[in-house]
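To start, the structure itself, in structure tokens.
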Amino acid sequence: QTVQLSIHDYFPLQ
Amino acid sequence: MFEARLAQSNLMKKILDAIKDLITEANLEISSGGISLQGMDSSHVSLVALLMRSDGFSPFRCDRNLTLGVNLQAMAKLMKCASNDDILTMTAEDNSDTLNLQFESPAQDKLSEFEMKLMDIDSEHLGIPETEYDAVIRMPSSEFQRICRDLGAGIGGESVTIACTKEGVKFSVTGSVGSGSITLKQTGSVDKPAESVVINMAQPVTLIFALRYLNSFAKATPLSESVSLSMSREVPLVVEYKMNDTGYVRFYLAPKLED
């Protein structure tokens, strides 16, 4: 089983 | 006033075809440096970053920074009205709610002019941190497209494991009909850079990604003969298509983690 991560987990809002 | 003239409409067609299925609308940011765009797919799993530097246009004029909200699918349809070798000129007045597109045949005997409505798009701008990648793989873009297609259509795989070692890069999937893998070894000769597989690696790295996104990124294949994949442990993959020296389309894809 895998969990899909989100771009928000890595790139902060500017 | 914004004005940008591109020698070949074909380049803009290819860019739009590469990104329009992933992000349907986006803000084109116009500045003296050129045209840039950033957008996430609706699931916020991937991010597209486009840069067309001003020196890729002749002339390029931007009196003040503009944000042009564009429906990319509509723009892609409009661009189909241009022949590949038509000269494309984009213009917009400051505070305008339209973007003007002009297509001029190379013999200057046909001129098409369109006005495209702009939209107000609320978009989040994300900071992309500078990253030292554990491995950067450069390969022919057609080879990358073929691998993604074969592992998706052939095996019916949803997740692809990409494992990079000094010996090569291995793409593995498990799907409805079984499992499979494709390994590319680093090519010895670098006489033809566009046909080579080159691996620059600080340490081995293995990551899992959703294959359907990679297949979507591969729509950018016509933009460049080669593609680079940059990977580090537990950070998004970067798939980059360079457009000569005048810009790039980069796709960032968040990994999947084993539960």
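The length gained on full extension between residue B:36 and residue B:149, counted as 0.36 nm times the residue separation minus their Cα-Cα distance, comes to 37.8 nm. Karplus-derived 3J(HN,Hα) values for segment B:234-246, using 6.51 cos²θ - 1.76 cosθ + 1.60 with θ = phi - 60°, are 6, 10, x, 6, 10, 10, 10, 10, 8, 9, 6, 10, 10 Hz; glycine and proline are entered as x.
Take each residue in B:18-28, count the other chain C-beta atoms within 10 Å of its C-beta, and the mean is 0. Between the amide H of residue B:158 and those of B:174, distances stay under 5 Å, these residues lying 5 or more places away or on another chain, with hydrogens modeled in the peptide plane. Dipole orientation for segment B:167-259: of the candidates B:218, B:196, B:239, B:218 has the Cα lying most toward the positive pole (charges on Cβ; Lys, Arg +1; Asp, Glu -1). This ranking places A:8, B:125 by how few other beta-carbon atoms lie within 10 Å of each, fewest first, which gives B:125, A:8.
Peptide B:123-133 is shielded by partner chain Cβ atoms: per residue, an average of 3 of them sit within 10 Å of its Cβ. Comparing B:242, B:185, B:13 in a Gaussian network model of chain B where C-alpha atoms under 10 Å apart are linked, the largest mean-square fluctuation is found at B:185.
Cross-link check: pairs B:117/B:256; B:80/B:185; B:20/B:170; B:80/B:110 evaluated at a Cα-Cα cut-off of 27 Å; pairs beyond the cut-off: B:117/B:256; B:80/B:185; B:20/B:170. Working ranking of peptides B:75-83, B:225-233, B:246-254, B:128-136 by packing, defined as the average number of other Cβ atoms within 10 Å per residue, highest first, is B:246-254, B:225-233, B:75-83, B:128-136. Packing-based ranking of B:6-12, B:46-52 yields B:46-52, B:6-12, ordered from highest to lowest mean Cβ neighbour count within 10 Å.
Placing +1 on the Cβ of every Lys and Arg and -1 on the Cβ of every Asp and Glu, with nothing else charged, gives the protein assembly as shown a dipole about its Cα centre of roughly 840 debye.
For chain B, a Gaussian network of Cα nodes joined below 10 Å ranks B:68, B:88, B:111 by mean-square fluctuation, and the top entry is B:111.
Restriction of the GluC sites (Glu not before Pro) in segment B:1-103 to DSSP coil positions whose beta-carbon has at most 16 other beta-carbons within 10 angstrom yields B:93. Run the reach check for residue B:192 against aspartates and glutamates, Cα to Cα strictly under 16 Å, same-chain hits fewer than 8 apart removed. What comes back? Filter leaves B:143, B:225. According to a simple spin-label model (label point 7 Å from Cα along Cα-to-Cβ), what is the distance in nm between residue B:246 and residue B:109? With each label placed 7 Å out from Cα toward Cβ, I get 2.6 nm. Between residue B:80 and residue B:63, the contour length at 0.36 nm per residue exceeds the alpha carbon distance by 3.2 nm.
With neighbours defined as other Cβ atoms within 10 Å of a residue's Cβ, the residues A:7, B:182 order from fewest to most as B:182, A:7.
Quick note: the coordinates plus some simple rules give every number you see, no bench work behind them. Just so we're clear, the structure is a prediction, and the values are computed from it rather than from any experiment. Backbone-built Cβ (ideal geometry, glycine too); neighbour counts: all protein chains shown.
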